[in-house]
1. Give me the pairs: first residue in segment 1-15 and closer than 13 Å to Asp40 by Cβ and polar (S, T, N, Q), second residue modelled with pLDDT of 95 or more and not in a strand (DSSP E or B), beta-carbon distance under 8 Å, and six or more apart or on different chains, which are they?
2. Filter segment 80-94 for residues that are touching a strand residue (DSSP E or B) at 6+ places or on another chain (Cβ under 8 Å), in a loop (DSSP other than H, G, I, E, B) and within 16 Å of the ligand (Cβ to nearest atom) and give the result.
3. With Arg168, Arg157 as the choices, which residue is surrounded by fewer than 22 Cβ atoms within 10 Å (Cβ to Cβ), more than 12 Å from the ligand (Cβ to nearest atom), at pLDDT 95 or above and assigned to a strand (DSSP E or B)?
4. Can you spot a residue in segment 18-28 that is within 19 Å of Ala74 (Cα to Cα), more than 13 Å from the ligand (Cβ to nearest atom), crowded, with 17+ Cβ neighbours inside 10 Å and not acidic (Asp, Glu)?
5. Tell me, yes or no, whether segment 70-79 has at least one residue that is within 11 Å of the ligand (Cβ to nearest atom), surrounded by 15 or more Cβ atoms within 10 Å (Cβ to Cβ) and among the hydroxyl-bearing types (Ser, Thr, Tyr).
6. Going by the structure shown, is Leu174 in contact with a strand residue (DSSP E or B) (Cβ under 6 Å, 6 or more places away or on another chain) and not in a strand (DSSP E or B)?
7. Being under 21 Å from Asn17 (Cα atoms) and surrounded by 13 or more Cβ atoms within 10 Å (Cβ to Cβ): is that true of Val84 here?
8. Only one of these conditions is not met by Ala132: (1) part of a loop (DSSP other than H, G, I, E, B); (2) within 11 Å of the ligand (Cβ to nearest atom); (3) surrounded by fewer than 19 Cβ atoms within 10 Å (Cβ to Cβ). Which number is it?
Amino acid sequence: MTSRVRAGVLISGRGSNMTALIDAARGADFPARVALVLSDKPEAAGLATARAAGVAAQALPYRDYAGKPAFEAAMTAALEAAGVEIVCLAGFMRILSADFVERWRGRILNIHPSLLPDLKGLHTHERALAEARAEHGCTVHFVTADLDAGPIVAQARVAVRPDDDADRLAARVLVEEHRIYPKALATVARALRL
Ligand code: GAR
């Protein structure tokens, strides 16, 4: 097999999607490996989870930097130092600048908890219920300068049930997130090696 694509995962919290990527990358045939996890929040639980799984993990606290350009320059420097070729946003809750997105163009993915282009932004589960949607779900897409609007790589649909609340719905969507994100990363990683 050609060398695995080195992935960097950006998180802000729990990191369950990050864990799904790390676990999938243990597979002998998986075309990527997680080389580095970065968090803008030092208290992100996912940092300890990554280290326990043997993956390098580093906090870059946003407040330590003079502003977004300095913070993003530090992220790119850390990613480059780790030889990262593809960036996976996994519950990373900051909007990235056009410059950062351009640096990683075609090599930066995000997972979003809705059926994009529906329900961009935050609180997607609450909004799906408030709007009485019959279907909800999740999307892996390339990141572009427009929020939650880049080309779609994978989607999974979840039926909304009459007794759903936001937590129950989110839990079923999350199962699908963990299923499609590794598949989407594998698809994009294989394409990078063609
Ligand atoms: C996931 O549901 C992810 O789709 C969402 O945050 C959660 C992070 O969970 N991302 C966004 O809302 C991005 N706009 P995790 O830290 O356990 O992966």
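1. What qualifies is Ser12/Asp40; Ser12/Lys41; Ser12/Ala44; Ser12/Gly91; Ser12/Phe92; Ser12/Met93; Ser12/Arg94.
2. Once the filter is applied, which keeps residues that are touching a strand residue (DSSP E or B) at 6+ places or on another chain (Cβ under 8 Å), in a loop (DSSP other than H, G, I, E, B) and within 16 Å of the ligand (Cβ to nearest atom), segment 80-94 yields Ala90, Gly91, Phe92.
3. Working: Arg168 fails: assigned to a strand (DSSP E or B).
On inspection, the qualifying residue turns out to be Arg157.
4. no
5. No, segment 70-79 has no match at all.
6. Against the criterion (in contact with a strand residue (DSSP E or B) (Cβ under 6 Å, 6 or more places away or on another chain) and not in a strand (DSSP E or B)), Leu174 does not qualify.
7. It is true that Val84 is under 21 Å from Asn17 (Cα atoms) and surrounded by 13 or more Cβ atoms within 10 Å (Cβ to Cβ).
8. (2)
The values are calculated or read from the model by the stated rules, or taken from the named source; none is laboratory data. Quick caveat, the model's predicted, so the values are computed rather than measured. Here the Cβ is made from the backbone with ideal geometry for all residues, glycine too, and neighbour counts use every protein chain on show.
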